[in-house]
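Values in this text are rule-based calculations from the coordinates and carry no lab data. Since the model is a prediction, treat every value here as computed from it, not as a measurement. A quick note on method: Cβ atoms are made from the backbone with ideal geometry, for glycine too, and the neighbour counts reach across all protein chains shown.
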Amino acid sequence: LNSRDGIIIHGYVENLNSLLFNMDLAVFPIFDGSGLQNKVLEAFALNIPVITTNIVLDSMPRLKQYAMAANNKEGFRYYIESFDACKDFTEHENGSAVQVLREHYNWDLINTIIGSK
């Protein structure tokens, strides 16, 4: 995928903030770990379509329906390659995700919990 025009695979990124503002699609292939993933919430908050695993989405059940779930390489490849075809759907759905964030997530509390770990 990295050789395709417009696709950049960054690998591990220490500080995602600088990249988020330039993303058309946020891909989080997180296969281990648990708990709330702030980087995924930040992508939702910026109205960026999200592809991630069920491991991540299980920690945020109210937002699960607004992301594309992929749990293997083929699933990620499928959603990435069909992103342009899905764009209208994801833009509409992510607008609803922003509303869910406003109504059900407390950023101060999330940051306090993460900061204490």
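Among the chymotrypsin sites (Phe, Trp or Tyr not before Pro) in segment 6-81, those placed in a DSSP loop whose Cβ has at most 14 other Cβ atoms within 10 Å are Tyr12, Phe21, Phe31.
The simple spin-label model puts a point 7 Å past each Cα toward its Cβ; for Asp32 and Arg62 those points are separated by 3.1 nm. Compared with the direct C-alpha span, the chain from Met23 to Arg77 gains 17.7 nm at full extension, assuming 0.36 nm per residue.
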